[in-house]
Amino acid sequence: MISKASWKTTTTGILAIVVALAGALKAELDGDPVTVADWGAVAVAVMAGVGLIFARDAKVSSQQEGIR
């Protein structure tokens, strides 16, 4: 389901998910009990990343994407 034509938005979506999860894991595993991950913000970032994965680049036509 990941498009080869829209690689820019797909890559950005994957990076958004990785950064959100890495930041949360860093906060949870840093050994300081005061720092905790904001799991609500992580959920929002992951949902935005998923949206970007399924989005289409502005310069990609419907024919290139295989929609019509």
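Using the heavy atoms of the protein chains and a 1.4 angstrom probe, tell me the accessible area per residue for the chain in square angstrom. Working shown, then result.
On the way: 4960 Å² over 68 residues.
Accessible area per residue: 73 Å².
Of the solvent-accessible surface of the chain, computed with a 1.4 Å probe and all protein chains present, 69% belongs to carbon and sulfur.
A full extension of the chain between residue 41 and residue 29 corresponds to an added length of 2.6 nm, given 0.36 nm per residue minus the alpha carbon distance.
For the chain, the longest principal axis of the C-alpha atoms and the axis of helix 39-54 are separated by about 20°. For the chain, averaging the sequence separation of C-alpha pairs within contact (under 8 Å, six or more residues apart) and dividing by the residue count gives a relative contact order of 50 percent. For segment 55-63, 3J(HN,Hα) computed residue by residue from phi via the Karplus equation (6.51, -1.76, 1.60; θ = phi - 60°) reads 7, 10, 4, 4, 8, 9, 7, 4, 5 Hz, glycine and proline entered as x. In the list (1) 13.3; (2) 12.2; (3) 17.8, the label attached to Kirkwood radius over Cα pairs in Å as derived from the coordinates here is (1).
The values are calculated or read from the model by the stated rules, or taken from the named source; none is laboratory data. Small disclaimer: the values here were computed from a predicted structure and weren't measured. Please note that ligands, DNA and RNA were not included when accessible areas were found on the heavy atoms of the full protein model with its side chains. Shrake-Rupley method; radii C 1.70, N 1.55, O 1.52, S 1.80 Å.
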